[in-house]
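A short worksheet on the structure shown next.
The values are calculated or read from the model by the stated rules, or taken from the named source; none is laboratory data. Since the model is a prediction, treat every value here as computed from it, not as a measurement. As a convention, Cβ positions derive from the backbone with ideal geometry for all residues, glycine included, and neighbour counts pool all protein chains shown. Ligands, DNA and RNA are stripped out before the accessible areas are found, and what is left, the full protein with its side chains, is counted by its heavy atoms. Shrake-Rupley method; radii C 1.70, N 1.55, O 1.52, S 1.80 Å.
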Amino acid sequence: ETGLFTYDPGFGATASCKSAITYIDGDQGVLLYRGYPIDQLAEKSSFTEVSYLLMNGELPSAAELAKFEDEVTHHTMMHESLKAFLQGFRHDAHPMAMLAASVASMSAFYHDTLDLQDPEQRRLAAIRLIAKMPTLAAAAYRYSIGHPIRYPRNSLGYTERFLHMMFEVPSEELELSPVIAKAMDLLFILHADHEQNASTSTVRLVGSTGANPYASVAAGITALWGPAHGGANEAVLKQLAEIGDAKNVAKAVERAKDKNDPFRLMGFGHRVYKNFDPRAKIIREMTHKVLGELGVNDPLLDVAMKLEEFALKDDYFVERKLYPNVDFYSGIIYKALKIPTEMFTVLFAIGRTPGWVSHWLEQQVDPDARIGRPRQIYTGSPKRDYAKA
Ligand code: SDX
């Protein structure tokens, strides 16, 4: 009983809602955004086009895309007081803490998007979140390394603008690599939505109470932070570094099978995919291409490849249908793109924002949507009268 809906989608789960946005077939390893296969979008689309598709249900014409991109570009700057808010954190604050707090605080800055009965205010809130997430993310990173927070350069495209805010320093011109920009845009596409994952379900649950979109998405950011969910990409890199060398892989795989050891292979397994995560396949190929083009020779990639080879042959993993997921390779690419480890989950949040806001918008106009109220199996004391021993 989820309290939202009790649909039985026919495979033994209890669906928490209806949605027309993303379809996953976990057994076949299929992922469709509004009906389009993820591999086709990865090859042919862009992150802003995919964001439009998720929000509106159809691919935009060239004119519609240009208008959407202009609108997003118009909203990339943050309120100066929001910038001051970010600068109130300790320098060693984790950027996910800063991102969650600053997104929640947007409801205190942008009052013209809080009337949820007004479709235009709802749409503008979605645009603002997509537009400002990179600005807030880059600002959190820059603050943490003691560099000046950079303003968004609106002459750049969405992903280039983010990279510029992340890496441009006053003392020199930033040479933006097209390879890095293309890889980052593709990674954002692959993370854009994923049905009712923990963070999206959180956005829907919070949104179902009538909370504003900034509060709902901030809740999603905090859910994403966990190492079992979006925090896995950061955990994968740490784990590969701990394993250190391909010769230690066999021991790591044995540890992951030991029920008395909390050690799990980060980047492996999935609540829904019991086959290869289609995104992992795309990222795996992109990893080799990007590292080759950048001339990066990362020993952690060798460890990852050996880990994958061992796990895919091991009965324990095969029987439990544990395959590499989206997080297994993304960290290696982020590292090659010189993204600091503590920013990995922040990048996941930038990519997932169009999915979160699309689900929030969908829920706002669903006549069947009610407040989320999951039920429980009670395991406590039977009824008893008050008496003290
Ligand atoms: C994401 O939901 C989404 O869509 C999420 C996501 C998205 O786009 O939003 O796809 C992104 O979060 C991907 C997942 C990232 N997390 C990790 O990589 C962390 C490592 N993975 C595990 O924590 C785990 O696989 C989960 C959390 C992802 C899934 O957990 P489940 O559903 O509880 O795992 P399961 O019940 O299907 O596991 C079955 C068995 C269990 O053993 P038995 O009790 O049957 O003996 O497999 C074991 C588990 O202990 N197992 C693992 C394992 N994952 C599951 N054993 C070793 N290493 C692992 N990684």
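Points worth noting:
- Working from Cα pairs under 8 Å separated by at least six residues, relative contact order for the chain is 24 percent.
- Relative contact order, whole percent, for region 201-270 stands at 21, derived from Cα pairs under 8 Å and 6 or more residues apart.
- In percent, rounded to a whole number, the relative contact order of region 5-125 is 10, using alpha-carbon pairs under 8 Å and six or more apart.
- In terms of its alpha-carbon gyration tensor, the chain comes out rounded; the largest-to-smallest axis ratio a/c stays below the 1.5 threshold.
- When shorter helices are ignored and each DSSP H run of at least 4 residues is given -39500 (n - 2.57), the per-residue value for the chain at 222 nm works out to -17000 deg cm²/dmol.
- Within the straight-line cut-off of under 20 Å between alpha carbons, the aspartates and glutamates reachable from K251 are E242, D261, D302, E308, E309, D314, D315, E319, sequence neighbours fewer than 8 places apart in one chain being disregarded.
- Shown in residue order for region 379-389 are the 3J(HN,Hα) couplings computed by the Karplus curve 6.51 cos²θ - 1.76 cosθ + 1.60 at θ = phi - 60°: 10, x, 6, x, 4, 8, 7, 5, 7, 10, 5 Hz (x for Gly and Pro).
- Cβ-Cβ FRET estimate between E120 and D92, R0 fixed at 56 Å, reported to 0.05: 0.85
- Only lysines eight or more places from K338 in sequence, or on another chain, were considered; those with a Cα closer than 29 Å are K44, K83, K132, K182, K238, K247, K281, K289, K306.
- A Gaussian network model of the chain, with springs between Cα atoms under 10 Å, assigns the largest mean-square fluctuation among K335, K313, K257 to K313.
- Annotation: aspartates and glutamates with alpha-carbon distance below 19 angstrom to K18 (same-chain offsets under eight excluded): E1, D8, E58, D193, E195, E362, D366, D368.
- Based on the convex hull around the alpha carbon atoms, region 94-239 presents an average projected area of 10.0 nm².
- Of A228, A183, A93, the residue with the greatest mean-square motion in the GNM of the chain, using alpha carbon springs below 10 Å, is A93.
- Whether region 232-316 is rounded, prolate or oblate, judged on the alpha carbon gyration tensor where a/c under 1.5 counts as rounded: oblate
- Here the calculated FRET efficiency for S81 and E172, from their Cβ-Cβ distance with R0 = 35 Å, stands at 0.70, rounded to the nearest 0.05.
- Whether region 103-183 is rounded, prolate or oblate, judged on the alpha carbon gyration tensor where a/c under 1.5 counts as rounded: prolate
- Solvent-accessible area, 1.4 Å probe, carbon plus sulfur percent, for the chain: 53
- Rolling a 1.4 Å probe over the protein heavy atoms gives the chain an accessible area of 47 Å² per residue.
- Fluctuation leader among P152, P60, P278 - the chain, Gaussian network, Cα springs under 10 angstrom: P60
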